[in-house]
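Let me begin by presenting the structure, written as structure tokens, before commenting on it.
The values are calculated or read from the model by the stated rules, or taken from the named source; none is laboratory data. Only a predicted model underlies this, so the values are computations on that prediction, with no experimental measurement involved. Positions of Cβ are backbone-derived with ideal geometry, glycine not excepted, and every protein chain shown enters the neighbour counts. Protein only, heavy atoms only, side chains kept; ligands, DNA and RNA dropped before computing areas. Shrake-Rupley method; radii C 1.70, N 1.55, O 1.52, S 1.80 Å.
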Amino acid sequence: EDVAFVTAAADPGFVYWAEHRGRSVVLAAAPVDVESALRERLFPGGGTLVFTSATLAAGGTLDYFKARIGVPAEAPGLVLGSPYDYARQAVLYLPALPDPASAGFPRAAAAEIERILAVTRGRAFLLFTSYRVMREVHGVLRDRLPYRCLLQGDAPKGRLLEAFREGGAVLFATQSFWEGVDVPGEALSCVVIDKLPFAFPGEPIVEARIERIAAEGGNPFASYQLPSAVLSLKQGLGRLIRASTDRGVLSILDPRLTRSAYGRVFLESLPPLPVTRDLRDVARVLA
């Protein structure tokens, strides 16, 4: 039945694609949106539903989350501040780097990361939006850094985290380490994010959602791509401060955060972090 459904590709509510995985070909189908299924199967239950997470709000509102899962706009919502004192516990370091689309970005990012790690003494998650850039930066730094360098893919996720928690290590990773990872204490004192985490527009589900929003007369960037990236960035930041005693630095290497009009939406969605372009401020927070 599944094979018949995928190969027929007849349900307009789904997106269908095929992809190579090694010597295999995978046929796949996924719903473009989930709100209709949730309205049908979950919401009519008659009870009270409470949706809660540290990363539901984008731009200070819950509008994006409500629209994505079909919660009525009039449903009550509450956005609470963080219990952590980010102004005291953390700092946002924004170095001046070239545009992330430029050929020189990976090497410039590697050089800046080396300067940051000299201040933080390793103890960092280096989170990348693509495997290619992750591997390129790792290739530049692995023999230059005096810290244990862990690379996503070299070992299972649990083993990498176990090694990282021993202290003094640097982890090169991608999307799978942006959420659901908990390393409290000094072992993780720095999170570096190479680019604003916009989803790849050619990915089948992302492309289908963009096309649907545009066909309905909406603005895919403002209503879907931007808030989705904001929530991903907040999840990345959430790896850093896990307790009231934690201290650390978040560094975003993407200059679009301050040069673009939409960068303000990202900044306003983050906790009230002090912002600096001076590594000496980073050293003061960690001290």
Go through (1) buried (at least 19 other Cβ atoms within 10 Å of the Cβ); (2) of a type outside the set (D, E, K, R); (3) free of Cβ contacts under 8 Å to residues at least 40 places away in the same chain; (4) over 30 Å from Gly185 (Cβ atoms) for Ala229 and report which single condition fails.
(4)
What's the total number of residues in segment 12-48 that are at pLDDT 95 or above and of a type in the set (D, E, K, R)?
0
Which of the residues that make up segment 72-107 are free of Cβ contacts under 8 Å to residues at least 24 places away in the same chain and either of a type in the set (A, V, I, L, M, F, W, C) or under 22 Å from Glu179 (Cα atoms) (or both)?
Ala73, Ala75, Leu78, Val79, Leu80, Ala101, Ala103
Qualifying residues in segment 197-220 (those that are more than 16 Å from Phe14 (Cβ to Cβ) and in contact (Cβ under 8 Å) with a residue 12 or more places away in the chain) - the one nearest to the chain's Cα centre (by Cα):
Pro197
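Does Leu56 fit the bill of being closer than 16 Å to Ala75 by Cα, touching a residue at least 60 places away in the same chain (Cβ under 8 Å) and either under 26 Å from the mean Cα position of the chain (by Cα) or buried (at least 16 other Cβ atoms within 10 Å of the Cβ) (or both)?
Here the answer is yes, as Leu56 does meet what is asked.
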Residue in segment 125-149 that is most open to solvent (accessible area, probe 1.4 Å), counting only those that are touching a Lys or Arg at 6+ places or on another chain (Cβ under 9 Å) and in a strand (DSSP E or B):
Cys149
Matching residues, segment 134-171, being of a type outside the set (S, T, N, Q) and under 29 Å from Leu56 (Cβ atoms):
Met134, Lys157, Gly158, Leu160, Leu161, Phe164, Arg165, Leu171
Scan segment 103-121 and give yes if some residue there is of a type in the set (Gly, Ala, Ser), at pLDDT below 90, open to solvent by 40 Å² or more (accessible area, probe 1.4 Å) and part of a helix (DSSP H, G or I), otherwise no.
no
Among the residues of segment 177-196, is there at least one that is within 30 Å of Ala9 (Cβ to Cβ), at pLDDT below 90 and either open to solvent by less than 10 Å² (accessible area, probe 1.4 Å) or assigned to a helix (DSSP H, G or I) (or both)?
no
Of the residues in segment 150-176, how many are open to solvent by 80 Å² or more (accessible area, probe 1.4 Å) and assigned to a loop (DSSP other than H, G, I, E, B)?
2
Which residues, taken from segment 208-226, are surrounded by fewer than 17 Cβ atoms within 10 Å (Cβ to Cβ) and either touching a strand residue (DSSP E or B) at 6+ places or on another chain (Cβ under 8 Å) or closer than 20 Å to Ala101 by Cα (or both)?
Phe221
Can you name every residue in segment 1-33 that is closer than 20 Å to Gly202 by Cα and among the β-branched types (Val, Ile, Thr)?
Val6, Val15, Val25, Val26, Val32
Residues of segment 80-97 being assigned to a loop (DSSP other than H, G, I, E, B) and open to solvent by less than 50 Å² (accessible area, probe 1.4 Å), which ones?
Leu94, Pro95, Leu97
